[in-house]
Amino acid sequence: MADTYDVIVLGLGGVGSAAACHLAARGKRVLGLDRYRPAHDQGSSHGSSRIIRQAYHENPGYVPLVLRAYDLWEKLERDTATQLLTITGGLFLGAEDSEVVQGSLQSADQHGLACELLDAEAIQRRFPVLHPRPSDCAVYEKKAGFVRPEAAVTAHLQLAAQNNASLHFEEPVTAWQITNSGTVRVTTQKTTYEAEHLVVAPGAWAADLLKWTLPSLQVRRHVMAWFEPTENIAHFAPDRFPIYIWQTGSRQIFYGFPATDGGDSGVKVALHSGGEICTPETIERDIAEADIAEIREQLAIYIPALNGKLLHATTCMYTMTPDEHFVVSPHPHYSQVTIACGFSGHGFKFTSVLGEVLADFAIEGGTKCPIDFLSARRFTK
């Protein structure tokens, strides 16, 4: 007979670890399954820092979610005595009519967020290492910053385990199905389990595990790189240098952080746009000269003081939906299953609140959080 649980969580990365944490805290018998060891670097929840911000240019609908996420990150810090969130301020830059600038202004206006609009001269005066074009401007948000992804996953898993969740690592899931009795059966490479409810949060592996439900999911390879500045690294300290998202062309966006670890590891930069189509099995993990050259092209123009020695680089997978918005909702065909995937390179900041939302769906069958715009039904008939 298969081991039985109230809820099985498939995937224990950023979203899955948070879901397991919230479910276990509400007294549910939880099984969490992951193909790797905890806080690994094979998916999308690694790289030492992830941007968090309120003036959300992608869609104002995300703002209530991220405001709740801030509260839950702070609670997780208190509950685990771990620093996860660092506030640095944030710049969202580009031409005045760019999506990044106009979208940020729209979110700020719609939700009453405190932001400043800076012209190119003001940007360079306040942050001298930045070299905006004369036509550039920026939305400055004081409350933006970054979350530490590996520490966040570890903290969520720690609390889940303290609340008696069973967490199985290095146990890949091979299939799941609805039984004749209405439970969910999950098969791994080791054995079979059953539960009243299944949460599917497998990151880039969603493109395979949910291919019959969401055939339009696409995985892209991205590279994160850490550089040694050509001048005093103190100019990039978190109390002097913000996180930033910079739209430099119609489809060209790069982003970066201050020196997050005292400068010893360098300063992180990455391209948000583009990316080679891949799968978790075919992704090229080795870093090519062309990968770094693409990033250096942006640095040479916009942040030349950061265009120094490459210290480290690694890959990250974006799981993209056609509209680049998430899928967080009940499965369109099975009420016993909730799915969370397609975070399109901007999802980690939300993982604390998404864990709460997924627990709501699994236990209550619905949530008070305004996430209808993230329903899977927009991609299904």
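Ordering LEU33, LEU23 by the number of other Cβ atoms within 10 Å of each residue's own Cβ, fewest first, gives LEU33, LEU23.
Between segment 29-92 and segment 323-381, the alpha-carbon centres lie 16 Å apart.
Within 10 Å of each residue's Cβ, count the other Cβ atoms and sort TYR255, TYR334 from fewest upward. Numbers along the way, then the final one.
Numbers: TYR255 24, TYR334 17.
Listing TYR255, TYR334 from fewest to most nearby Cβ atoms yields TYR334, TYR255.
Take every Cα-Cα pair in segment 66-225 and report what % of them are more than 23 Å apart. So the portion of pairs separated by more than 23 Å is 63 percent. Other residues within the sphere of radius under 10 Å centred on the Cβ of ALA55, judged by their own Cβ, net out at 0 (K and R +1, D and E -1).
Mean projected area of the convex hull spanned by the Cα atoms of segment 230-307, taken over all viewing directions: 6.1 nm².
Once you have the Cα-Cα distance between GLN83 and THR179, take 0.36 nm times their residue separation minus that, and quote the gain in nm to one decimal.
Details: separation 96, 0.36 × 96 = 34.56 nm, distance 4.28 nm.
Contour length minus Cα-Cα distance gives 30.3 nm.
Look at the dipole of the chain built from charges on Cβ: of ALA161, ALA138, ALA270, the Cα furthest out on the positive end belongs to ALA161.
When a/c reaches 1.5 or more, the comparison of a/b and b/c decides; with that in mind, is segment 2-63 rounded, prolate or oblate per its Cα gyration tensor?
oblate
Once you order the gyration tensor axes a ≥ b ≥ c over the Cα atoms, which shape class does segment 288-381 get: rounded for a/c under 1.5, otherwise prolate or oblate by comparing a/b with b/c? In terms of gyration-tensor shape, prolate. Across the cross-link table entries LYS75/LYS368; LYS28/LYS75; LYS75/LYS211, which are compared at the Cα atoms, the separations over 26 Å belong to LYS75/LYS211.
Among ASP109, ASP136, the order by Cβ neighbours within 10 angstrom, fewest to most, reads ASP109, ASP136. Scattering from the chain was approximated by placing one identical point on each alpha carbon and applying the Debye formula without solvent; log10 I(q)/I(0) at 0.08 1/Å stands at -0.40. Sparse packing (at most 11 other Cβ atoms within 10 Å of the Cβ) combined with a DSSP loop state is found for the following GluC sites (Glu not before Pro) in segment 258-367: GLU281. With q set to 0.08, 0.13 Å⁻¹, the log10 of I(q)/I(0) for segment 1-146, from the Debye formula over equal scatterers at the Cα positions, is -0.33, -0.74. In straight Cα distance, which aspartates and glutamates are under 13 Å from LYS142, not counting same-chain residues fewer than 8 positions off? Result set, ordered by chain and number: GLU116, ASP239.
Highest GNM mean-square fluctuation, the chain, Cα pairs closer than 10 Å: which of GLY32, GLY345, GLY262? Greatest mean-square fluctuation among the candidates belongs to GLY262.
For segment 151-218, state which GluC sites (Glu not before Pro) are in a DSSP loop and have at most 15 other beta carbons lying within 10 Å of their beta carbon. Working shown, then result.
Details: sites: GLU170, GLU194, GLU196; in loops: GLU170.
Here the GluC sites (Glu not before Pro) that fit, given the DSSP loop and packing criteria, are GLU170.
Full extension of the segment from ARG251 to ASN164, taken as 0.36 nm per residue of separation minus the current Cα-Cα distance, would add 26.7 nm.
No lab work stands behind these numbers, since they all come straight from the coordinates. Keep in mind the model is a prediction, meaning the values are calculated, not measured. Virtual Cβ from ideal backbone geometry, glycine too; neighbours counted across all protein chains shown.
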